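Reviewing the structure listed below.
Nothing in this text is a laboratory measurement; each read-out follows from the coordinates by a stated rule. All figures in this text were calculated on a predicted structure; none of them were measured in a lab. Because the Cβ atoms are built from the backbone with ideal geometry, glycine has one as well, and the counts that use them run over all protein chains shown.
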Amino acid sequence: MEEKNVREIRDSKALAAIAHPLRRRLLDLLHLDGPATASALAARTDQAVGNISHHLKVLAASELVEEAAELARDRRERWWRRTSSAIKWGAQDFPGDPIAETAEALTLNYQHTVAREWLAKRETYPREWRGALFSIDGWARLSVAELDELNDRIVAVLAEYRDRTPPDDGVERRPVFFAARASLGQP
């Protein structure tokens, strides 16, 4: 199953752009909250506006974000939006490239950081949210074709929720981070 609105990364420059932790956070904020100005993103990240502007320009150079000029109220105001709802890349597409190795390590670190922050703050969330969140892992013996099928199914389920417009039904919805990773090894 092929996802809609997915940016496939095939060059090291774009991969380096998404591997940076602050740029990754900016992409996440633009996905969850929609278009924003550098000032609004600076306030959300506790960064200087100039720093955010720099990182947005790096992301724009790799066509990961673009200006949303139609949202500006005057010529000085610059709004930014993501160019895709998802980004896809694989280390196998970058043989021998140290940027891919670093990007993979930074991605894993990001996933762990989000999980550790949740663990540190979980008691501050309402009980119903603490009970709804989950962690799952397990071992299975799979062929390469079966692993590809599993990946496609997980991606499809995540895309169904990630790319939808939530209904306006008065139900509280919060940002929820989801990560799935398959690794070879021994139990």
*Nearest-20 debye value, the chain charge dipole, Cβ charges on Lys, Arg, Asp, Glu*: 660 debye
*Would you give the gap between the C-alpha center of segment 138-187 and the C-alpha center of segment 77-115, rounded to a whole Å?*
17 Å
*Amide hydrogen neighbours beyond the local backbone of Ala68, cut-off 5 Å, H modeled*: Trp79, Trp80, Arg81
_Which residue fluctuates most in the GNM of the chain (Cα springs below 10 Å): Leu26, Leu41, Leu158?_
Leu158
*For segment 48-116, just list the percent of Cα-Cα distances falling in each 5 Å bin from zero outward, please.*
3, 13, 14, 18, 22, 13, 8, 6, 2, 0
*Using a basic spin-label model with each label point 7 Å from the Cα along Cα→Cβ, how many nm lie between Leu106 and Glu70?*
3.2 nm
*When only Cα pairs under 8 Å and 6 or more residues apart are kept, what is the percent relative contact order across the chain?*
26 percent
*Excluding the sites themselves, what is the longest stretch of the chain that contains no GluC sites (Glu not before Pro) in a DSSP loop with at most 15 other C-beta atoms within 10 Å?*
78-171
*Could you tell me the number of lysine pairs in the chain with C-alpha atoms less than 26 Å from each other, where the two lysines are 8 or more residues apart or belong to different chains?*
6
*Please sort by residue number the trypsin sites (Lys or Arg not before Pro) in segment 122-153 whose DSSP state is loop and whose Cβ has at most 15 other Cβ atoms within 10 Å.*
Arg141
*Let me see the pair-distance distribution of the chain: every alpha carbon pair, 10 Å bin width, integer percents in order.*
7, 29, 38, 21, 5, 0
*Under a plain spin-label model, where a point goes 7 Å from the Cα along Cα-to-Cβ, how far apart in nm are Asp169 and Val6?*
2.7 nm
_Cleavage-rule hits (chymotrypsin sites (Phe, Trp or Tyr not before Pro)) in segment 91-178: DSSP loop, at most 16 neighbouring Cβ within 10 angstrom_ = Phe134, Trp139, Phe177, Phe178
*Take each complete run of DSSP H in the chain, measure how far its Cα atoms stretch along the helix's own axis, and keep only those covering 20 Å or more with mean Kyte-Doolittle hydropathy at least 0.0; list them.*
144-162
*State whether segment 78-169 is rounded, prolate or oblate according to the following rule on the C-alpha gyration tensor (a ≥ b ≥ c being the square roots of its eigenvalues): a/c under 1.5 gives rounded; otherwise a/b larger than b/c gives prolate, and the remaining case gives oblate.*
rounded
*Once you charge only the Cβ atoms, +1 for Lys and Arg and -1 for Asp and Glu, what is the size of the charge dipole of segment 101-187 about its Cα centre, to the nearest 20 debye?*
420 debye
*At q = 0.17, 0.23, 0.24 Å⁻¹, work out log10 I(q)/I(0) for segment 1-91 with the Debye formula, treating every Cα as an identical point scatterer and leaving solvent out; two decimals please.*
-0.69, -1.18, -1.27
